[in-house]
Each structure stands twice: as structure tokens, then as C-alpha cells.
1. What shape does region A:120-237 have by the C-alpha gyration tensor, where a ≥ b ≥ c are the square roots of the eigenvalues, rounded means a/c under 1.5, and otherwise prolate means a/b greater than b/c and oblate the rest?
2. Let a ≥ b ≥ c be the square roots of the eigenvalues of the Cα gyration tensor of region A:375-438; is it rounded (a/c under 1.5), or, if not, prolate (a/b larger than b/c) or oblate?
3. In square angstrom and rounded to 100, what buried accessible area do you get between chains A and B, total over both, with the probe at 1.4 Å?
4. So for region A:1-100, considering every pair of alpha-carbon atoms, how many percent are separated by more than 23 Å?
5. Averaged over A:49-61, how many beta carbons belonging to a partner chain fall within 10 Å of each residue's beta carbon?
6. What FRET efficiency do you get for residue A:546 and residue A:476 if R0 is 51 Å and r is their Cβ-Cβ distance, rounded to the nearest 0.05?
7. Of the options B:154, A:291, A:279, report the single residue whose Cα projects farthest towards the positive end of the charge dipole of the protein assembly as shown (beta-carbon charges: Lys, Arg +1; Asp, Glu -1).
8. Under a point spin-label approximation (7 Å from Cα along Cα-to-Cβ), what is the residue A:595-residue A:371 distance to one decimal in nm?
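The values are calculated or read from the model by the stated rules, or taken from the named source; none is laboratory data. Quick caveat: nothing in here was measured; it's all calculated off a predicted structure. Glycine also receives a Cβ, built like all others from the backbone with ideal geometry; neighbour counts cover every protein chain displayed. Side chains are part of the model used for accessible areas, which takes the heavy atoms of the whole protein and leaves out ligands, DNA and RNA. Shrake-Rupley method; radii C 1.70, N 1.55, O 1.52, S 1.80 Å.
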Amino acid sequence: MPVIAPEDLKESYDAVIIGSGAGGGQVAYLMAMEGLKVLVIEAGRMVDPTREVAMFHTPNMAPLRAESTPDKQYGFYDHSVESGWEMPGEPYTNASDAEKREFFWWRQRMMGGRTNHWGRVSLRNGPYDFETRTRQGVGLDWPISYDELAPYYDKVEMIAGIFGANEGMENSPDSSPGVLLPPPKFRAGELLARDRAKKKLGLEVVPVHRAVLTKTQDADRVPAKLHPSNAKAQKLLAENMRMRAKCFFATDCHRGCAIGAAFDSMTVFLRPALKTGNLDVLPNAMAREVTVNDEGKATGVIFIDKVNGGEHHAKGRTVVLAASSQESVRLLLNSKSKTFPEGIGNANGKVGKYLTDSVSSSFSAQIPALENLPLHNEDGVVGQQAYLPFQKVKELLAGKLGFSGGYKLLTVSGRKLPSLSTGKSFDAVSEAEGIPFGKQLKEEARRYYGSFQGIGGQGAMAANDDCFAELDPEKKDRWGIPVLRFHWKFSDDELKQVVHQQETMAAILDAMGGRFTRPPDTEDPLKAVKEGGKTIHEVGGAVMGKKAADSVTDRWSRVWEVPNLIVADGAVFPGTADKNPTLTIMALAWRAAERLMEDMKRGDV
Amino acid sequence: MSEMKRIDRRVALKWISSAAASMPLIGSGQDASSDSAKAPGGKGYGPDPDLQRVYQPGDLWPLTFSDAQRATMIVLCDLIMPTDDTSPSASSLGVHDFVDEWISSPYPGQKTDRNAILKGLDWLDEEAGRQGEKDFVSLDGNAQFAICRDLSILAKKDRKAFPGSFFRRLRDLIAGGYYTTPEGMKDLGYRGNVAVAEWTGPPPEVLAKLGLEPQA
């Protein structure tokens with residue numbers, strides 16, 4: 001495989017792609033399959049999910065029962081390496097340290113980026129999510145419609161392999177027939193939630209969409225649909241699809257998937273792309289700035305070789321930013337030149353603006369009906385199987401709810417792999433005089449294990465002037481690169497949404513007969529809402545728009561000022577919908593890469 | 001142990017417990033740092049450890065317990081997670097060594113637990129002294145259990161005040177350490193973590209108990 005070191009760089013590439021995750025992986029795949037010479041530079045090490053992950057290890061086989069530490073911030077067995085909220089020598093700052101005014105930034109330095117750390121929930125934005133300003137008077141409209149993006153959603157769903165069902169729900173779109181893989185059967189708690197929510201509240205609990213193969217992919221038909229008149233691409237994609245096994249219904253996707261059932265960029269995009277012979281990947285390369293020539297065209301990327309600290313210049317006819325939304329913002333701001341003294345794309349001051357994340361809160365209860373169930377394996381596709389799309393769309397759009405953003409609810413239940421906190425998880429429902437221990441704890445544990453139901457809400461957030469990133473005027477990272485300073489503030493609009501989330505979660509849990517150990521946080525939504533960034537759905541900062549005056553990229557993700565530079569990660573999102581961003585990142589990246597290749601063919605760039 | 005002594009101890013325990021009764025769901029007990037707990041040596045496993053290796057307590061950093069402390073922890077393991085009709089005790093699964101590994105961790109997250117556990121072990125021996133015994137392990141089983149029961153009540157009343165806070169974290173670690181072993185998981189009724197060809201959903205008897213229709 002052409003995994004290279006800086007001294008192996010070619011003189012020039014058709015495209016230099018910064019980042020190897022959902023966006024960068026997608027662009028690299030498509031361009032390499034179409035015969036272009038492509039370089040991917042990644043700040044972390046090379047990764048091989050087929051060899052290095054620990055899928056079936058139980059916590060007693062790990063240090064500290066696999067609990068999180070500063071070295072492994074999502075626990076020992078999570079496949080995130082060299083990753084975290086805080087990383088030595090790679091600081092960022094916040095303008096305010098007041099309650100819920102700080103933004104938290106997860107970085108993932110490894111080949112495949114954050115696709116290695118992902119619940120794999122893959123929902124399409126709905127038609128209304130592209131028209132936030134027009135329909136609700138807040139945030140920004142997207143410069144494209146759902147209908148323009150829909151064919152690309154089909155494509156990325158076919159290549160990634162997404163299970164789910166077409167439910168025909170308003171603003172939670174269906175896929176084209178035959179695209180989705182069958183959803184897994186519901187667990188006991190999900191069936192109970194579906195039954196009670198429907199009967200008592202009129203709410204639908206439906207299969208979530210997730211990038212996990214519940215069935216092997218159709219390697220005989222899908223490649224021809226995705227790469228018409230490209231026999232080589234069809235062959236390589238078919239081979240790669242046949243290397244991916246279907247889920248064996250055990251082990252958390254966050255651990256990485258050695259059998260390739262769960263999507264990650266290395267398994268799905270980079271592995272077949274490397275086989276074209278058109279792709280070089282360069283690990284351990286920390287990008288510092290995008291270079292431009294006197295005409296203002298991008299010419300490449302200056303990066304630091306993390307192995308020895310050396311500085312190098314990778315050159316290309318086009319440059320693709322896919323370093324994760326805020327890292328791409330940082331690169332644009334740090335790319336200062338005579339032509340672009342405020343950084344690339346920033347003549348209007350919009351780079352860094354309109355940072356958003358999901359508006360999230362959660363609630364849980366114990367469900368007596370789920371106690372003492374006959375013992376059975378409830379792993380399923382481990383993790384999310386069911387959810388409630390937002391179902392008060394009409395009331396929301398009519399302004400009857402008092403807030404502007406919808407939210408989805410993710411149900412979390414089941415007889416899951418125990419963790420260190422399992423031992424204390426029965427305290428709230430114990431009948432012991434003190435905290436339970438001894439034989440009583442063992443009896444209560446057998447009774448209550450698996451009877452807890454959690455619900456997580458993730459809601460829309462409109463772009464606004466209070467949430468943005470800029471360069472810190474003083475602080476630099478270990479390589480001397482200026483770092484980001486974040487500004488964050490939840491609006492009343494978002495906090496009202498959180499109250500509604502909490503009320504709906506409590507109503508569903510109540511409908512399931514839940515025993516509450518505390519009331520929902522309806523009085524203090526600021527306490528209930530998860531900190532900015534903590535959902536790891538942060539997007540924006542180089543938003544796409546209809547006009548150069550108020551956005552950073554055009555509708556094809558091309559930086560207005562530099563048309564041979566595209567942004568292929570979440571930075572282009574003009575707001576967060578009540579859907580997870582990754583699927584949309586990939587759909588936009590496919591569309592942007594296609595357009596960039598047309599531009600190249602025509603000689604426009 | 002005489003009834004009188006028990007009452008005395010309960011009164012004594014009351015004095016040092018705070019009146020505040022709160023029971024939040026998450027979070028760990030906070031103790032003031034104790035001078036008796038010297039900072040542990042050793043280094044962490046770094047940001048890119050071998051995930052597939054099977055680790056044992058003591059593999060990565062030196063352990064802390066003296067022979068006497070380890071003997072006390074074995075007794076506590078079996079008071080908190082004893083053998084019963086269906087499953088073995090915590091000490092037979094080596095949970096005391098996990099507790100040692102935990103409090104010996106070089107990471108900051110375990111420092112509070114280290115202080116609380118080491119201070120708590122001293123306190124148990126002092127309490128045994130008040131009852132006329134050399135140390136906690138020398139007390140008879142009923143007396144040991146009674147101390148645990150009283151501490152469990154203190155822990156429920158106030159999660160922060162010592163010695164209830166010590167017992168809470170001790171219980172969390174021993175019970176959590178127990179349920180993260182294959183034997184503990186089996187006792188809990190966890191039946192997953194095995195590869196299967198198809199996931200068919202809950203079996204009919206589960207649906208029948210819930211009064212739900214079979215899935216399509």
C-alpha cells in the first residue's frame with residue numbers, strides 16, 4: 001500500500017486532501033477511483049482495524065477495568081488513539097469560563113479520523129433543515145435544497161452500508177427503494193417504548209439508520225450503480241464489499257470493527273482507494289497552512305512531520321480541506337499571505353463564524369416491567385437501534401412550541417455489557433437501608449440489571465453570532481501553530497427546546513411505567529443541556545452560502561476566493577439539524593468532489 | 001460483640017456524619033486529601049496502548065497494599081460481594097487486586113479514591129481497636145458485617161462525609177470490579193458478547209411476559 005513518508009512525496013498531485021475521515025476519505029475514494037493522483041495527509045498514525053482492535057475483551061482484561069483515563073478518554077477499548085478533549089501540546093482556549101459558555105473540542109489523530117469514534121447513526125437532513133431562515137426566521141438557509149443532495153445521500157448510503165427503514169415521516173426523509181439494509185429486531189425495552197409511546201402519547205418509535213451491515217452488501221449490483229462506465233472502480237469496490245462481513249451482533253462499534261461490518265473511512269474508502277495505485281497516504285503530518293500563489297490559487301499545504309519536526313510542502317493542482325470542521329477553520333485562519341492577510345476565505349470576516357453543535361440533554365428511569373425478564377442475549381447491533389424522529393413538525397413550523405429547533409430522541413436500554421459503574425447503578429432503586437452490599441446487592445442486581453431506560457435528546461441549533469471560533473492572539477501549539485479560541489452561548493430558544501426535550505422524555509418514561517429517581521430538569525435547562533461540543537457534532541465555521549458576501553464557500557463547497565480549494569467536512573454546514581452530521585458530510589463531500597473534477601476537466605482550475 | 005458497644009459505635013458514627021441526606025445518581029465521593037497516602041509511582045499506558053494484550057494488576061504500575069492491607073481487602077471483598085447460591089465471592093475472582101491496581105493508578109482520576117481507601121482501611125482497624133480487637137480482620141464475621149452495614153447507612157445519608165464516603169467508593173469498586181468479570185456478568189444475567197449468525201430479538205417468553213406481540 002502506498003503509505004508514504006515526506007521524502008516520498010510526488011512533485012505534485014491532482015489533489016492534496018487534508019484529513020482522512022468521513023469527508024477526506026470520501027473525496028480521496030472518488031478521485032482515486034476516477035484516475036486522479038491524490039494525496040491524503042493525516043495528523044495521526046496509520047490504522048488497521050482488521051488487526052489492532054479488541055472486540056470481545058471484557059473490562060477485567062484491561063487496566064482499570066477499561067475506565068476512561070487522560071490517555072484513553074472514552075475508555076480503554078474505544079478505538080480512539082492519540083485522541084481526546086485535552087491533548088498534550090495541542091491546547092485551545094475559551095473566551096469565557098462561565099457555566100455552559102465553554103466549548104469542548106474532541107480531536108482524533110489517526111487514519112480514518114473520527115469515523116473510528118462514532119455511533120454510526122446516519123440520518124439524512126430533512127427538506128426543512130435546509131430552509132431554517134426562510135421557514136423559522138432564525139439561523140441561515142443552505143444554498144442547496146434537499147432534492148439536490150438526495151441522490152448523493154443514496155450514493156453514500158449504498159457505499160457505506162446503512163440499515164434502517166423508510167417510515168415516510170415528515171422532515172425525516174426516506175431513502176430510495178433498495179438502498180437501506182434491513183433494520184435489526186428491537187430489544188425488549190425498545191418494543192415496550194414503541195408500544196407505550198404509541199398508545200399513550202401517539203409518538204412513533206422507529207428503527208434508527210446506522211452504518212452497520214445487517215446483511216452483506218450487494219457487490220454484484222451496487223458498484224455499477226455508483227461507478228457507471230468505470231470498470232476498474234466497479235471491480236475494486238466489489239472486491240472491497242466482499243471483504244466486509246455482516247455484523248455478528250456483538251461488541252460495541254466504538255471498539256472498531258475487525259470484520260468490516262461497521263463503517264469507518266479506512267475500511268470503506270481508503271482501502272479500495274489505495275488499491276487503485278492513485279492514492280498516497282501520509283500519516284503523522286500536521287497541516288499548518290494552505291499555500292497560495294500570486295493569482296490567489298491554492299498550490300498545496302505546508303505540514304509538520306510529527307516524527308522529526310521537519311517542515312514540508314505538499315503541492316497540488318487542487319486542495320481539499322477535510323481536517324474536521326474546526327481544524328479546517330484553523331487552517332484557513334492560519335493561511336495568511338499578501339493576497340489573503342486575514343487568512344484564506346476570510347475577506348468578509350466569516351471564517352470561524354456560525355459554529356453549532358447538537359442541543360443535547362438526557363433523562364432516565366427504571367422500568368419495573370423490564371425487571372426479572374427471562375435471561376437472553378440483548379446485544380443486537382450493540383448500540384442504537386431505535387429512535388423517535390421529531391414528530392411535532394407542524395406545530396414547530398407554526399411557531400406554536402415557543403422554540404425553533406426540532407429534536408430526535410434516542411432510546412437506550414438493554415442488558416448491556418457491564419462496566420465498572422454497574423456495581424453502583426442499583427442504588428437509586430435499592431430497598432436496602434443503606435447503599436446496597438452483600439447478598440442483598442447481588443439479589444437486587446439480578447432483579448434490576450437491564451431494567452433501566454435512558455433517552456438522549458439531540459436537537460437542532462441555528463447558526464448565530466454568539467458561537468464562533470477565532471485565533472487565540474497569543475497561544476500556540478507544540479509546533480508553533482496558533483490555536484483556536486472559542487466563543488459559546490446557549491440561546492433562550494435552545495434552552496426552551498431543552499425543556500421540551502426533558503418533558504417529552506419524562507412523558508415517554510412515564511408511559512413505560514418508569515420509576516423516577518429525580519425530576520426532569522425542566523426548571524433549569526442550562527443545567528440539563530450538554531456542554532457545547534460535547535456531542536461531537538460540531539459544524540460550521542466555513543459555511544456555504546448563496547453569496548460571497550456572507551459565506552465562505554459556494555454551493556459546491558468551493559471557497560469563494562479560491563475556487564481550486566474545497567471544504568469537504570462539517571465546516572460548510574450553515575447550521576445543525578436534529579440529525580447527526582456525518583452522513584451529510586459524506587453526501588456533500590461526494591457532490592463537491594464530483595464538481596471539482598468537472599472543473600478540472602474543463603480547465604477552470 | 002456486646003449490644004452496648006454497637007450502640008456506642010452507632011452514636012459515634014452519627015457524630016461524624018453530616019445531616020445532609022442527598023442521593024444523586026452519578027459522581028464519586030470526594031474526600032479531603034490525606035497525608036497518609038503517598039502519591040503512587042509509575043506511568044500510565046500512554047495514548048496508544050496495545051489493546052489486545054491482557055493486563056494484570058501490577059503489570060503497568062507498582063501496587064500499594066501491604067500484606068495486612070491486602071488481607072483486609074480480601075475480607076471486605078467477601079463482605080461486599082459474598083459467595084451465594086449462584087455465584088462466587090469477589091476475592092475468589094481477584095477483585096482485591098483490582099482495587100489495589102485502581103488506587104495505585106498514576107492517573108489523577110483515582111487519587112481521591114486512593115486517599116479514601118487507605119484512610120478507610122486505617123479507620124477500620126481503629127474501629128476494631130475500639131471494639132477491643134487488634135484489627136478489622138480479627139473481628140468476627142458478624143461484627144465486620146455490622147460495621148459495613150452501619151457504614152452503608154452513613155454512605156446513603158451523606159455521600160461526601162468520611163467514613164461513609166470511604167465505604168461508598170469501596171463498594172463501588174468491589175461491586176463494579178466483580179460485575180466486570182465473566183463470572184460476575186454471568187451472575188447478573190448478561191448473556192451477550194458472543195458472535196451469532198442472526199439477531200432474532202427477544203425470545204417469545206420475554207414478549208409474553210411484557211404482553212407484547214411478536215415482531216414482524
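1. Verdict is oblate for region A:120-237.
2. Taking the square roots of the gyration eigenvalues as a ≥ b ≥ c, region A:375-438 is oblate.
3. Result for this pair: about 6900 Å² buried.
4. 49
5. 5
6. It comes to 0.90.
7. A:279
8. 5.8
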